[in-house]
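Chemist: Have a look at this one before I ask anything.
The values are calculated or read from the model by the stated rules, or taken from the named source; none is laboratory data. This one's a predicted model, so the numbers in the text were calculated from it and none came from an experiment. Every residue, glycine as well, gets a Cβ built from its backbone with ideal geometry; the counts of neighbours run over all protein chains shown. Note: areas computed on protein heavy atoms with side chains; ligands, DNA, RNA excluded. Shrake-Rupley method; radii C 1.70, N 1.55, O 1.52, S 1.80 Å.
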Amino acid sequence: MLETSLHKRRGLNIAILAGLSFVFLNEVPVSQGVWPMPQKISQSSQRYPLSPEEFTFQYAKDSAAQPGCSVLDAAFRRYFTLIFPGYSAPSASTIRVVPFTLMVKVHAGGCEEFPDADSVERYSLGVYAGQGVLTAETVWGALRGLESFSQLVYQDEYDAYYVNKTEIVDFPRFPFRGILLDTSRHFLPVEVILKTLDAMAYSKFNVFHWHIVDDPSFPYQSLSFPDLSEKGAFHTATHVYTQADVQRVIAHARMWGIRVLPEFDTPGHTQSWGKGQPDLLTPCYRGPVPSGTFGPVNPTVNSTYQFITRLFKEINAVFPDSYIHLGGDEVNFFCWKSNPQVQAFMTKMGFGSDYTKLESFYMENIMNITAALNKTSVVWQDVFDYHERIPRNTVLHIWKGTTAQYRQELSRMTEAGYRVLLAAPWYLNHISYGQDWKNAYTVQPLNFTGTEEQKKLVIGGEVCMWGEYVDATNLTPRLWPRASAAAERLWSDEEQTSSVSEACPRLAEFRCRLLRRGIQAEPLYVGYCKHEFQAL
C-alpha cells in the first residue's frame, strides 16, 4: 500500500511517497482521487473491475440504519447512477467481473432527522476484492463516504469500470462549510437551487445559507404576512418561494446531508419589506417634513418587535435548523438621524448622537427574540464591531476586509470568546481573468494571532455568491469549480493540500466529473474532458 497523492502528468501516473517519486505505466489508469482530499488515503495500483449488473449496496447486519432508512435508501439509488455514469443496459463485455458489494455500517440512527451543527461526518472506507466497507457514526458521515467511493470509480479507454484497492479515514477540518445564494437581487428558480445543492454535496459542502430576502425583493411567501411577498416580490406569480417550494428545498438538502440556514437581514437591507408592512421602516425627513423615502427598520416603536416576533415564530416553524442568520450589516444611519421621533428616542435612551448604540439596541432585542425560540443567532461582523452586547453563543460572520484585516478580526472575535465563520476571502461573485480559483485555494483560515483555544472557535467558512450580476443563466459556471477550491480548504488537512500545482490536475479531473454529472462548471484552463457537457 502507498500513502499517495496521485497525479497524471505527460502520460504518466506519478505517486509521491515521503519525497520519493514512483512511476506507474498508464496501462493501469487510476482516478486522480477524491476531491476534497481525504484526511488519510492509501491507494495501490491493484484494481478491480466493476459491473453495474453485479454491484450492490448492502446494510451491515449490525448497522443502526437498515432498509427503510430514508436518507441512505435514496442515496443508494442516486449513487448507483453516479458510480456508473453512462450505464443504460447490460454490457457484452468479455471481462470476467466478480460481484461487488459496498457494505454500509452506521453506528447511530437518525435516518429521519435533519443534519445540524453537531452532526458527525467522519467515515472510513476500505475497497478490496469483491467488497467495499463503509463505516460511519451517522448517516451524514455515510453520505460523505458514498461520495468518496463514487469518485474512486473510473473507466478505461473501453469504458469498462474499475476501482483501485483503497483505504480512507476521513473527517472534515471544519464543521461548517457553506455556500450563500442571494435570491433577492435576482430570483433563482427552485430547480436551480436544487441543482446547486447537488453540486454542493459533490464537494462535501454541508450548509446552504439562503439569503432569501433583501432590499430589491421579498420572494419568501409568508403565511403570517402575505403582503410581504404580494407587494415586495418582483412578480407575485412567478418570483416567489411558496411554503411548498421552501419545504422542497429543505427536503432535498436533507437527503444530501445539507443544512438550510435562512437569513432575514435587518435593520438595513429591508426596502422590500416596507412595501408590504406599513410603519416598519423609518420615514426619512428633509428638514421638518417627511421626504417620502424610507430608511432601515424603525427600532424605536414596539410594533416593530411585535412584527419581528411573529415573523420569526413562523420562520422557526418552517426552517428546522437551529441557526438563523439575522444580518445586521451595512446600516445607513441617514434616515435615523433625520427623523425627529428617532432623535427624541436617542435623547430618552441617553444614546447622544451615537447611532451605533441605536443599532445595538435593536440587534440586542432581535437576538433576545431568537434566543426565546431556542435559535442560535448568526450575525455579520458589523454587529461585533459596534460593540454590541452579544449573547455568548452567537456566531459572528466575517465578510469584509483585506487578508490582514480579516485576520485581525479573527483574533479579536475569538479572543472575546465567540465562534466565527470566515467568508471575506471567498466572495466568488467577484471574478477576474485567469485562474482565480487559486486565490480561494490558498486561504489559510487559522493563520491569525491567537491561542489554540481561540482557533478552535473558528467553526468554518462560507463561499458567497451575491446576486447583483448573477442569476440562473450564469450562477453555475461562476460558482463551479471555483467553490470546490474553497471546499478542499474547509474539509482537508491544510499541510497535505498546500500545493496549487498538485491540486490543479486533481481539480481539473473533478471539474470533468462535474460536467458529466450535469453541472456546467467552467474550465480551469486550456484542455478538454473526455465527456464534455451535454445538456445544451
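Chemist: Under the condition of being over 14 Å from Pro296 (Cβ atoms) and of a type in the set (Ser, Thr, Tyr), which residue from the range 352-387 is modelled with the lowest pLDDT?
Modeler: So, considering only residues that are over 14 Å from Pro296 (Cβ atoms) and of a type in the set (Ser, Thr, Tyr), the one modelled with the lowest pLDDT is Ser353.
Chemist: Which ranges mark the strands (runs of 3 or more DSSP E) fully within the range 6-120 that have 2 or more residues being surrounded by 15 or more Cβ atoms within 10 Å (Cβ to Cβ) and modelled with pLDDT of 95 or more? Outline the logic, then answer.
Modeler: On the way: elements: 6-9, 12-17, 20-24, 40-50, 55-59, 100-106.
Per the criteria, 40-50, 55-59, 100-106.
Chemist: Taking Lys165 as meeting all but one of (1) in contact with a Cys (Cβ under 7 Å, 6 or more places away or on another chain); (2) surrounded by fewer than 20 Cβ atoms within 10 Å (Cβ to Cβ), write down the number of the exception.
Modeler: Going through the list (1) in contact with a Cys (Cβ under 7 Å, 6 or more places away or on another chain); (2) surrounded by fewer than 20 Cβ atoms within 10 Å (Cβ to Cβ), Lys165 breaks only (1).
Chemist: Only one of (1) open to solvent by less than 10 Å² (accessible area, probe 1.4 Å); (2) farther than 20 Å from Thr266 by Cα fails for Phe218. Which number is that?
Modeler: (2)
Chemist: Within the range 461-510, which residues are touching a strand residue (DSSP E or B) at 6+ places or on another chain (Cβ under 6 Å), not in a helix (DSSP H, G or I) and not hydrophobic (A, V, I, L, M, F, W, C)?
Modeler: Gly461, Glu462, Gly467, listed by residue number.
Chemist: How do the strands (runs of 3 or more DSSP E) wholly within the range 230-344 filter down when requiring 3 or more residues that are under 22 Å from Leu188 (Cα atoms) and touching a residue at least 40 places away in the same chain (Cβ under 8 Å): which remain? Let's see the steps before the verdict.
Modeler: Working: elements: 259-266, 281-286, 289-297, 323-327.
Filter on the range 230-344 gives 259-266, 323-327.
Chemist: Among what's in the range 515-536 and is among the small types (Gly, Ala, Ser) and at negative phi, pick the residue that is most open to solvent (accessible area, probe 1.4 Å). Before you say what the answer is, go through the steps one by one.
Modeler: Going through the range 515-536, the residues among the small types (Gly, Ala, Ser) turn out to be 518, 521, 527, 535.
Next, from what is left, pick out any that are at negative phi: 521, 535.
On the way: Ala521: 5, Ala535: 75 Å².
Only one residue fits best here, namely Ala535.
Chemist: Provide a single number: the residues in the range 180-193 that are part of a helix (DSSP H, G or I) and open to solvent by 10 Å² or more (accessible area, probe 1.4 Å).
Modeler: Just the residues of the range 180-193 that are part of a helix (DSSP H, G or I), to begin with: 190-193.
Those still in the list that are open to solvent by 10 Å² or more (accessible area, probe 1.4 Å) too: 190-192.
Selection size over the range 180-193: 3.
Chemist: Within the range 503-514, can one find any residue that is surrounded by 18 or more Cβ atoms within 10 Å (Cβ to Cβ), farther than 30 Å from Ser184 by Cβ and aromatic (Phe, Trp, Tyr)?
Modeler: Within the range 503-514, one or more residues are surrounded by 18 or more Cβ atoms within 10 Å (Cβ to Cβ), farther than 30 Å from Ser184 by Cβ and aromatic (Phe, Trp, Tyr).
Chemist: Can I ask one more? On the given criteria, is Arg177 under 20 Å from the mean Cα position of the chain (by Cα), within 16 Å of Val260 (Cβ to Cβ), surrounded by 18 or more Cβ atoms within 10 Å (Cβ to Cβ) and among the charged types (D, E, K, R)? Walk me through it before giving the result.
Modeler: Working: under 20 Å from the mean Cα position of the chain (by Cα): yes; within 16 Å of Val260 (Cβ to Cβ): yes; surrounded by 18 or more Cβ atoms within 10 Å (Cβ to Cβ): yes; among the charged types (D, E, K, R): yes.
When the stated conditions are applied, Arg177 passes them.
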